[in-house]
């Protein structure tokens, strides 16, 4: 997990609350992405970015918002939390999805009551 | 649409056994395939990355093979140890996009 930090590690929200999950890297990689991991569902891509100012949707983008103003940071915003968003969230980075290894952060465990 | 499948979902073996984990994908037009390890409550750690032009990659007791034409990859673990107990996942970038698709993983338990 070297080079990728995620905060917070744990979070409990009430339905309807909003929050931002932080992801930061010090490896100067262009590609950053957010996944959620649920039992029996594996990892599913939420949003990704191929560079500062460029973001796109993954498989399950609804209810989430992202922005990429710098190379280093890629925050994930939950606009109005729902119990279905209870999950473990991982941030991943890489210099190129096509040729290089993807590095994962330690994850944020989110519970929405 | 690319789909990635891993069989078996769980595997329990005695220490010292050689074992094979399987990964299948439906679209053979892949750039690469990556194997990861995930320990309980932790993030993913990259084990091996195989480029589409390669047939296999080795790292220590691990060997990963890739057969694009049949849509399959295998992860071979030699002389398994209790410390190998973890969930192993494979993933591929979807052709023409920047999206990574993961299998649901194989949960491995190596008994001492």
Which ones in the range A:73-84 are more than 14 Å from chain B (Cβ to nearest Cβ) and either closer than 18 Å to residue B:41 by Cα or surrounded by 20 or more Cβ atoms within 10 Å (Cβ to Cβ) (or both)?
A:76, A:78, A:81
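Can you spot a residue in the range B:66-73 that is on the phi > 0 side of the Ramachandran plot and touching a strand residue (DSSP E or B) at 6+ places or on another chain (Cβ under 8 Å)? So that I can check it myself, show each step before the final result.
Filtering the range B:66-73 for residues on the phi > 0 side of the Ramachandran plot gives B:71.
Still in the running and touching a strand residue (DSSP E or B) at 6+ places or on another chain (Cβ under 8 Å): B:71.
Within the range B:66-73, one or more residues are on the phi > 0 side of the Ramachandran plot and touching a strand residue (DSSP E or B) at 6+ places or on another chain (Cβ under 8 Å).
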Among the residues of the range B:53-67, which ones are surrounded by fewer than 17 Cβ atoms within 10 Å (Cβ to Cβ) and within 23 Å of residue A:100 (Cβ to Cβ)?
B:53, B:54, B:55, B:56, B:58, B:59, B:60, B:63, B:67
Near pairs, Cβ below 9 angstrom, 6+ apart or cross-chain, from the range A:89-104 (more than 8 Å from every other protein chain (Cβ to nearest Cβ) and farther than 15 Å from residue A:45 by Cα) to any residue that is at pLDDT 90 or above and assigned to a loop (DSSP other than H, G, I, E, B):
A:95/A:27; A:95/A:28; A:95/A:29; A:95/A:30; A:96/A:29; A:96/A:30
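Being without any contact (Cβ under 8 Å) to a residue 40 or more places away in the chain and on the phi > 0 side of the Ramachandran plot is the filter; apply it to the range A:17-45 and report the residue that is surrounded by the most Cβ atoms within 10 Å (Cβ to Cβ).
A:42
The values are calculated or read from the model by the stated rules, or taken from the named source; none is laboratory data. Please read all numbers here as calculations on a predicted model, not as lab measurements. Every residue, glycine among them, receives a Cβ derived from its backbone with ideal geometry; neighbour counts consider all protein chains shown.
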